[in-house]
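J.: Submitted below is the structure of interest, expressed as structure tokens.
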Amino acid sequence: MSKVTLTVNGRTASGECEDRTLLVHFIREKLGLTGTHVGCDTTQCGACVIHMDGKSVKSCSILAVQASGSDITTIEGLAANGELHPVQAAFKEHHGLQCGFCTPGMVMTAVDMINRHGGALDEETVRAELDGNICRCTGYHNIVKAVLSANAEMHAAKQAAE
Ligand code: FES
Ligand code: FES
């Protein structure tokens, strides 16, 4: 057993786990943050995407012990002051979810994508970057619409603040 200490959604969190424990299982089972889903646990589906040190990663592709000391954001950490994150709000507005199983991973991937590309994000790039996130309900059209809408809103807000 090893002790793992992380900063999760701005707070220090720690727990003991076996060395073979995947980060996604540590987050769900030791920290109780079940918004991060497990679809495959073999890095295929993207349901488990979180942010680690500011970048989106599939949390089933990393051991919890490897992540110790890092700064993690999960879907539970996106909303602030009682308001949905703009990407969450856009998924809601544009019906970017059906059963919702893939949604946390889609949203975390989209937030990272928008942060990296800003106003230069276009449909082709969104579709290419969502390649690692599978929606079994096949609602890709509205997911892409939601990401582009959130991108426009976040970019405009950033420009207004400058
Ligand atoms: Fe991690 Fe599917 S659970 S990619
Ligand atoms: Fe059902 Fe994507 S909304 S898996």
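Laboratory data are not the source of any read-out in this text; all were calculated from the coordinates shown. As the structure is a computational prediction, the values presented were derived from the model and not from experiment. When we count neighbours, we look across all protein chains shown, and the Cβ atoms used for this are built from the backbone with ideal geometry, even at glycine.
J.: Per DSSP H run of n ≥ 4, the term is -39500 (n - 2.57); total these for the chain, divide by its residue number, and report the mean residue ellipticity at 222 nm rounded to 500 deg cm²/dmol. Numbers along the way, then the final one.
T.: Details: 5 runs with 56 residues, N = 162.
It lands at -10500 deg cm²/dmol.
J.: Classify the chain: rounded, prolate or oblate, from the alpha-carbon gyration tensor (a ≥ b ≥ c, eigenvalue square roots; a/c under 1.5 rounded; otherwise prolate if a/b is larger than b/c)? Don't jump to the answer; show the numbers that get you there.
T.: On the way: a/c = 2.08, a/b = 1.55, b/c = 1.34.
Because a/c hits 1.5 or more and a/b exceeds b/c, the chain counts as prolate.
J.: Here's another thing I want to ask about it. Hey, can you grab everything whose amide H is under 5 Å from the amide H of L63? Only 5+ residues off in sequence or another chain; H modelled, so Pro and N-termini drop out.
T.: Amide H neighbours of L63, under 5 Å, 5+ apart: L23.
J.: Please list, in order along the range 26-33, the HN-Hα scalar couplings obtained from phi with the Karplus expression 6.51 cos²θ - 1.76 cosθ + 1.60 (θ = phi - 60°), rounded to whole Hz, x for Gly and Pro.
T.: 3J(HN,Hα) across the range 26-33, in whole Hz: 4, 4, 6, 8, 8, 9, x, 9.
J.: Relative contact order for the range 37-162: what is it in percent, counting Cα pairs under 8 Å that are at least 6 residues apart? Write down the numbers at each step before the final one.
T.: Values: 170 pairs, mean separation 37.7, N = 126.
Reported as a whole number, the value is 30 percent.
J.: Apply the membrane-span-like helix rule to the chain: whole DSSP H runs, Cα extent along the own long axis of at least 24 Å, mean Kyte-Doolittle hydropathy at least -0.5. List the helices found.
T.: On the way: long enough: 140-161 (31 Å, 0.04).
Both cut-offs are met by 140-161.
J.: Work through the residues other than L130 whose Cβ is under 15 Å from its Cβ and net out their charges, Lys, Arg +1 and Asp, Glu -1.
T.: Counting the neighbours of L130, the net charge comes to -1.
J.: Just order 60-68, 6-14 by mean Cβ neighbour count inside 10 Å, highest at the front, would you? Walk me through the numbers before you get to the answer.
T.: Details: 60-68: 18.7, 6-14: 14.4.
The packing order, highest mean first, is 60-68, 6-14.
J.: So for the chain, if I pair up every lysine 8 or more residues apart or on another chain, how many of those pairs have alpha-carbons under 30 Å apart?
T.: 15
J.: Right, something else. So, by mean Cβ neighbours within 10 angstrom, what's the order for 142-151, 106-115, 73-82, 20-29 with the highest one leading? Write out the running numbers ahead of the final one.
T.: Working: 142-151: 22.5, 106-115: 24.3, 73-82: 14.9, 20-29: 20.8.
Listed from highest to lowest mean packing, they are 106-115, 142-151, 20-29, 73-82.
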